[in-house]
Structure formats: C-alpha cells, structure tokens
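Asks: My structure is below; once you've seen it, I'll send some questions.
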Amino acid sequence: MKNNLLNNKKPGIRFLNEMQPVLCDQEWFTKIKKTEKFAVYYVYRGLKKKGDLRYDITVIPAKMFGKEFPKTKGHHHFEIPELIQVLEGKAFYFFQKGTGASIKEAYAVKASKGDVVIVPTGYDHLTINPGKKRLVMANWIFNKTENDYSFFDRFQGACYYYTKNGWVRNKKYKKIPKLEIKKPQSKSMPKNLDFLEKN
C-alpha cells in the first residue's frame, strides 16, 4: 500500500506481551514469550481531521498467534459509533453485546478491500486478519473517544476466537449465541460523517 499520509509518522504499536490476556492459545504464548517478541499491529492516529473527527490507519501483519489468526486486542467505546474501511487485505470485524459472561448477540462482518463497516454503539468489538497477507484499514472516529479494554481482558478475549479450525467458542463465557456472519454496509465511504459526532 502506498499512502503518503504515513510518511514520517510514528505509529502506536501493540506488542505480543500486551495481547496475552485475550489470546486463545495460551500454551503457544507460554512457549514463545521467552524466545520471540513481535509487534502485533500498528496504529497511525490522527492522520487527517474533520471537525471533531480523526482519521486513523491500522496495519495488522499476517502473523499467527499459534492456532489463532492475528487480531486487535478488542475494546468498547461508550455511545460513540465508528466508521471503518478496508484499504488492503481481508478482515473479520467481530461484535458482541451482553452482560458479563452472558452474551445476547454475536456477529462478524466479513470484509475485503473497499468495504465499509459501521461499528454500532454499545458493542464490544475487535478486528481479525484472516488472510495470508497484511490487513490495512482506515477509520473515522470522534477525536476524544476513549477505548475500554477491560472487558475482553477479564474474559480472555471475545466469546468466539477465529482459528485454523474456524470459529471456536470461548469457554470463559457461560452463555453464547450462535455466531452470525454478515455483509459490509457499503463499498464506499459516506460523504456525510455527522452521525459520528458526539451529541
């Protein structure tokens, strides 16, 4: 991907040791942690701005976590939606909603280059790179949004993992619905981003 916005920009980096609380394959992590340390993904924040919105780019290399496909740590932002577009590669955008260990709704949006996905309010969510090449994605979000990672930390990730064997249930949860696979909302960014602004 050629993107002049990234020239001379230093990304925020999420390292493997920070991902440990949410990994499916804890046995793999125990074996690898002393011999290999690597960057899991890179986030270039505030590359552009529109009013109170900022434009970020995230890069997720195609490096497996043992049997699990690479992913972001996962978080929740309160009452603030987000708009995401795949710039390169393939993605699963995973969403879940519930109370504690009881999840009422869980779905994943399967997306590829050009696809646009809206992160609705009230959902814990994360991004998975299910491909053999890196995933590059962009997002527009309210500039002062704060991400809360504590929920996924507490339950060792989301209620489903995406692995070499497909979708696998996370046994830390007591109640999990059947996973739905949905299509992206659009193939192009909307011109009006006012719905992302905080009221």
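The values are calculated or read from the model by the stated rules, or taken from the named source; none is laboratory data. Predicted model only: the values in this text are computed from it and were never measured. FYI the Cβ positions are ideal-geometry reconstructions off the backbone, even for glycines, and counts take in every protein chain you see.
Asks: Go through the range 49-78 and report how many residues are farther than 18 Å from Phe95 by Cα, in contact with a Pro (Cβ under 8 Å, 6 or more places away or on another chain) and not aliphatic (A, V, I, L, M).
Replies: So the answer is 2.
Asks: Something else about it: Which ones in the range 160-192 are surrounded by fewer than 14 Cβ atoms within 10 Å (Cβ to Cβ) and in contact with a Lys or Arg (Cβ under 9 Å, 6 or more places away or on another chain)?
Replies: Within the range 160-192, Lys164, Asn165, Lys172, Lys175, Ile181, Lys182, Lys183 qualify.
Asks: Okay, next question. Kindly list, by first and then second residue, each pair from a residue in the range 145-158 that is under 18 Å from Lys171 (Cα atoms) to a residue that is surrounded by 15 or more Cβ atoms within 10 Å (Cβ to Cβ) and of a type in the set (S, T, N, Q), limited to pairs with Cβ atoms under 9 Å and residues at least 6 apart or on different chains.
Replies: Phe155/Asn170; Gln156/Asn170; Gly157/Asn170; Ala158/Gln96; Ala158/Asn170
Asks: In the range 127-154, what count of residues is obtained for those that are surrounded by 20 or more Cβ atoms within 10 Å (Cβ to Cβ) and under 16 Å from Gln85 (Cα atoms)?
Replies: Let us first name the residues in the range 127-154 that are surrounded by 20 or more Cβ atoms within 10 Å (Cβ to Cβ), namely 127-129, 135-141, 152.
Now restrict to residues that are under 16 Å from Gln85 (Cα atoms): 127-129, 135-141.
Counting residues in the range 127-154 that are surrounded by 20 or more Cβ atoms within 10 Å (Cβ to Cβ) and under 16 Å from Gln85 (Cα atoms) gives 10.
Asks: Check whether at least one residue in the range 100-111 is basic (Lys, Arg), in contact with a Pro (Cβ under 7 Å, 6 or more places away or on another chain) and surrounded by fewer than 17 Cβ atoms within 10 Å (Cβ to Cβ), and report yes or no. Steps first, answer last, please.
Replies: Residues of the range 100-111 that are basic (Lys, Arg), as a first pass: 104, 110.
In the following step, the residues that additionally are in contact with a Pro (Cβ under 7 Å, 6 or more places away or on another chain) were identified as 104.
The next check asks that each one be surrounded by fewer than 17 Cβ atoms within 10 Å (Cβ to Cβ); those that pass are 104.
Scanning the range 100-111 turns up at least one residue that is basic (Lys, Arg), in contact with a Pro (Cβ under 7 Å, 6 or more places away or on another chain) and surrounded by fewer than 17 Cβ atoms within 10 Å (Cβ to Cβ).
Asks: With closer than 18 Å to Gly157 by Cα, of a type in the set (Phe, Trp, Tyr), at pLDDT 90 or above and surrounded by 15 or more Cβ atoms within 10 Å (Cβ to Cβ) as the only criterion, which of Phe69, Phe15 stands out? Talk me through it step by step, then tell me what you get.
Replies: Values: Phe15 fails: surrounded by 15 or more Cβ atoms within 10 Å (Cβ to Cβ).
Residue meeting the stated conditions: Phe69.
Asks: Only one residue in Gly114, Gly157 is loosely packed, with under 15 Cβ neighbours inside 10 Å and either of a type in the set (S, T, N, Q) or in a loop (DSSP other than H, G, I, E, B) (or both), so which one is that? Give the steps one after another, and end with the answer.
Replies: Working: Gly157 fails: loosely packed, with under 15 Cβ neighbours inside 10 Å.
The match here is Gly114.
Asks: Does Gly122 satisfy the criteria of being part of a loop (DSSP other than H, G, I, E, B), in contact (Cβ under 8 Å) with a residue 40 or more places away in the chain and within 23 Å of Lys174 (Cβ to Cβ)? Even if it seems obvious, please write down each step before you answer.
Replies: Numbers: part of a loop (DSSP other than H, G, I, E, B): yes; in contact (Cβ under 8 Å) with a residue 40 or more places away in the chain: yes; within 23 Å of Lys174 (Cβ to Cβ): yes.
It is true that Gly122 is part of a loop (DSSP other than H, G, I, E, B), in contact (Cβ under 8 Å) with a residue 40 or more places away in the chain and within 23 Å of Lys174 (Cβ to Cβ).
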